[in-house]
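Here the structure comes first, spelled out in structure tokens, and everything after it is commentary.
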Amino acid sequence: MDTFLSAIFSGTSRGAIFALVALGLVLVWRGAGIVNFAQMGQAMFTTYIASTLIANGNSYWIGFVVALVSGAALGSILDVLVMRPLSNKKKTELLSSDSMRAAIPVIASLGILGVLQALAGIIWAAEERGFPAPAKQEGFTVAGNVMPFTAFDVFVITCVAITLILTSLFFKRTGMGLAMRATALNQEVAKLSGIRTNRTRTLSWAISGAASSLAGLLLTPSSNLSPNTLDLALFIGFTAAVVGGLDSPVGAVLGGFILGMVISFVTFYDTPEDVFLAILAVLLLSLIIRPHGILGSKDVRRV
Amino acid sequence: MCVVSKLKAHSTARKSLIRTLIFVIVILFLGSRFDAYNQGQLSVVLILFIGVLSVTILTGISGQLSLGQGALMAVGGYCTALLMTNYKLSLWIAIPVSIIGAAIAGLLLGVAAARLSGPYLAGTTLVVALAIPTLANRFFSVFKGDEGLPVDVGYSPKWFSNTFGEPTYEQWQLYVALPFAAIALFFASNILLSRSGRMWRSIRDHESAASLCGVNFSRQKIFVFVVSASFAGLSGALYGLRGLVGPSVYPVSLSLTLLTAAVLGGIRSISGAFIGTIIIVFLPDWIDLVIDNFELSEQVSNYMPALISSVLLILTVVINPAGVAGTKLHKHK
């Protein structure tokens, strides 16, 4: 029973972070039609920035805010420098077919991932370093028993909940959010009705960058920080996004929690080494049973 | 009509044969001029060239982006290693058998992948590339976990040494890789000029138009996967024969390296695949040449090749997506 409770709690806390990663992927997919494989590279980079600030004697919260801001900045810079020129370049013969047009941005994002990881290795040494948590990582004690639930888990879930509420309010209540939803629905029509689609694209990259930075900040306290630490989070986040539906933010959150539970149960009841196989199994199952995801719309892709 | 098509078939095969012969002569010439280290590098070029060809065929010709070629290479490598250590087979028998093994793995992957497209396919194959090497730990008794299975090309047989003189270990590595690379080149060049190559290009360019012309595109997609997996398996088998077959030899980054090489050289052409492989393999050496003039710490020189190749990848994709060998493509719109 204890194992079961620990698995549930750790699954919730991990799942919240994976939901954030998946949300970042979904935002860029809706906004720009690209699956951003460099996303956790960006998060790794901004976490290093925060870690350097904290190591130099600044408080955790300064590092926290700087990481979020620089995550947004990095996302928009990448869009303006790499992805925008790419999407405006549809006339060459190589990019004339749908399949290559889908493949080329993926290759570009892998290139970005490589650049960010190599840069982080050059700037911040290759050795692993820890990253502080803002709250205690020991379990609460209730009536003398140590519960498998820590103050840090509460912090994680609060952070993720606030982010989810803020993004959904942004999309539902603001003009810019409406413009972004319109762009996601149909770019041509949105352009014709006066929406600056380039701007909304960059904005979705910025929001996704900030969200994944937050995910990076929340993931690293439980592991060490190195240029490759967050790669696994990307695989999990992608699987979560596919399980929930690549074009549905709510689905992404749902998928994140499902993946969190699966991984935590595999870790507690089996060996941690099987996690990769479990991810692959979940991904294949979801692609076979429900290829468009739990909450995704059917039109996204034909099977 | 019949005569014309026969002539054409002749010239296709002859074209590929001439290409292959020139390739073999150039490699033998270079191999005789290089020192031991560069001979080793040259055989890595030949080995990875086969792997890059698998990416060129799959992504460049049929338009399916796969990031899981490293997993197929691992299948080829483990098949060869198991056959050589458990059954004491010679590598000339073990490698063809493991190509069949990799082709079967490619068939399974292809059946799953033919339903997917674009980023779905890329992400799924990426997860495959991550998950397959962990099987080595899951079935420890067979695959020996992280330690892996030590195998190598061994030494040249008697008759070879008697006819051509005793080759060094590096030379022998090169001589083992060369015939396989030549066969792969001939096969790839032929199949791209043939009916199958045209069908694959047509499904890349327009699926509906291709199927209206009578191309059964889901069957062809699976077929491309099988062909590409055979190339990857061959490359993986030779790659493992450099000393060790283990999960650390076939990491996810290997798949990305293959893709980088294919894109840098020119994702649609065979010569591009070769140019890209040369760039990727020799880049660290070239960078060392330049860096030696500056006083830089070790960590900078460790990450420099990765940085430069990734920057080159982004620049290629943004400025000249057709790659080094395919600049011609730009002219017609």
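Every read-out reported here was derived from the displayed coordinates using simple, explicitly stated rules and does not represent laboratory data. As the structure is a prediction and not an experimental result, all values here were calculated from the model. Neighbour counts run over all protein chains shown; Cβ positions are idealised from the backbone, glycine included.
Worth a mention:
- Theoretical ellipticity at 222 nm over chain B - DSSP helices of four or more residues, -39500 (n - 2.57) apiece, nearest 500: -24500 deg cm²/dmol
- Shape analysis of region A:1-110 places it in the oblate category; the axes a ≥ b ≥ c from the Cα gyration tensor give an a/c of at least 1.5, with a/b not above b/c.
- The tail of the calculated P(r) for the protein assembly as shown beyond 37 Å holds 37 percent of all Cα-Cα pairs.
- Net +/- balance of residues flanking residue B:285 in space, Cβ distance below 15 Å, scoring K and R +1, D and E -1: -3
- Euclidean distance between Cα centres, region B:14-93 to region A:25-45, Å: 34
- Three-way shape call for region B:138-184 based on the alpha-carbon gyration tensor, with the a/c threshold at 1.5: prolate
- Rounded tilt (10° steps) of A:175-185 against the dominant C-alpha axis of chain A: 70
- Within the shell of other residues whose beta carbon sits under 14 angstrom from the beta carbon of residue B:111, the net charge comes to +3, with Lys and Arg scored +1 and Asp and Glu -1.
- Chain B: most fluctuating residue of B:179, B:167, B:157 per GNM, C-alpha cutoff 10 Å: B:157
- Exposure rule at most 10 other beta-carbon atoms within 10 Å, DSSP loop trypsin sites (Lys or Arg not before Pro): chain A longest free segment: A:92-301
- Calculated translational diffusion coefficient of region B:98-145 (20 °C, 1.002 mPa s; Stokes-Einstein with Kirkwood radius over alpha-carbon pairs) equals 178 µm²/s.
- Highest average first, the peptides A:217-223, B:271-277 ordered by how many other beta carbon atoms sit within 10 Å of their residues are B:271-277, A:217-223.
- With a 10 Å cut-off around each Cβ of B:203-209, the average count of Cβ atoms from other chains is 3.
- Dipole magnitude for region A:2-300: computed about the Cα centre from +1 point charges on Lys and Arg Cβ and -1 point charges on Asp and Glu Cβ, it is near 1380 debye.
- Tensor-based shape of region B:15-252 (alpha-carbon gyration tensor, a/c under 1.5 rounded, otherwise prolate or oblate): oblate
- For the residues of B:126-139, the average number of beta carbons from a partner chain within 10 Å of their own beta carbon is 5.
- Only the Cβ atoms of Lys and Arg (+1) and of Asp and Glu (-1) were treated as charged; on that basis the dipole of region B:15-252 about its Cα centre amounts to roughly 680 debye.
- Charge dipole (Cα centre; +1 on Lys/Arg Cβ, -1 on Asp/Glu Cβ; no other charges) of the protein assembly as shown amounts to roughly 3100 debye.
- Within a Gaussian network of chain A (alpha carbon springs, distance under 10 Å), most fluctuating of A:154, A:66, A:253: A:154
- Farthest towards the positive end of the charge dipole of region B:15-252, among the residues B:223, B:154, B:233, is the Cα of B:223, using unit charges on the Cβ of Lys, Arg, Asp and Glu.
- A helix-only calculation puts chain A at -23500 deg cm²/dmol for mean residue ellipticity at 222 nm, using -39500 (n - 2.57) for each DSSP H run of at least four residues, averaged over all residues.
- Partners of residue B:221 within straight-line reach, counting aspartates and glutamates whose Cα lies under 16 Å from its Cα and excluding those fewer than 8 residues away in the same chain: A:98, B:205, B:207.
- Pair-distance profile P(r), taking every C-alpha pair of region A:2-300, with 5 angstrom steps and integer %: 1, 6, 11, 16, 18, 17, 14, 9, 5, 2, 1, 0, 0, 0, 0
- Annotation for region B:62-161: chymotrypsin sites (Phe, Trp or Tyr not before Pro) lying in DSSP loop with at most 10 further Cβ atoms inside 10 Å of their Cβ are B:87, B:139.
- Whole-Hz ³J(HN,Hα) from phi, Karplus 6.51 cos²θ - 1.76 cosθ + 1.60, for region B:312-323, glycine and proline x: 4, 4, 5, 4, 4, 5, 7, 8, 9, x, 7, x
- Taking a Cβ cut-off of under 11 Å around residue A:151, the surrounding Lys, Arg, Asp and Glu residues balance to a net charge of -1, with basic ones at +1 and acidic ones at -1.
- The separation of region A:169-203 from region B:229-270, counted between C-alpha centres, amounts to 42 Å.
- Gaussian network model of chain B, Cα within-10 Å springs - most flexible of B:287, B:50, B:100: B:287
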